[in-house]
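A short worksheet on the structure shown next.
Laboratory data are not the source of any read-out in this text; all were calculated from the coordinates shown. Keep in mind it's a predicted model, so treat the numbers as computed, not measured. We place every Cβ from the backbone using ideal geometry, glycine too, and count neighbours over all the protein chains shown.
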Amino acid sequence: MNLRGARPSYSLAGKMKGLSWYAGKVDADGKLETAGTGAQLLANLTSEGAFTGSGMDFGAAPPWRTMTGNYSLEWWQGAPRLRFTGLSFQGDEDTYTGRGATQDDGRLVILLSNGARELRMTGTLANLRLEELPR
């Protein structure tokens, strides 16, 4: 926390371990920064970091053994905007890679491919749906 400037600024680095999510566990580390007071705190909010997970079940059979990726978050026009890059979802036989982002309507869209098949996940972080895209 820096209170010496014309407006206060805040920076937080942290790690999270063992968050239960979609029947699996997620570990993450990241940094959050913002500045100002009141509504400015959200308007200036940014965050970035990396995560790993295991045992995720988004409706794929079998569940993903591991997933890794990077995220960035910013507040834009009064709403959070989340981006995922460097995504890697590994199952028993296949590895899917891809990226995702929050759309203008607030939905999260993640596109994954293993070279032969493409998958799309849509919804919110709390309610993602997985579907295979037609060829």
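What the table below lists for this structure:
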{"item": "Low-density loop cleavage sites - GluC sites (Glu not before Pro) in the range 85-135, where at most 15 other Cβ are within 10 Å (DSSP)", "result": "E93"}
{"item": "Euclidean distance of C-alpha centroids, the range 1-31 and the range 105-135, integer Å", "result": "26 Å"}
{"item": "Sparse-neighbourhood loop sites, trypsin sites (Lys or Arg not before Pro) in the range 1-46 - DSSP loop, at most 13 other Cβ within 10 angstrom", "result": "R4"}
{"item": "Placed amide H near G91: partners under 5 Å, 5+ positions off or other chain", "result": "R65, Y96"}
{"item": "Cubic angstrom per residue, convex hull over Cα atoms of the chain", "result": "110 Å³"}
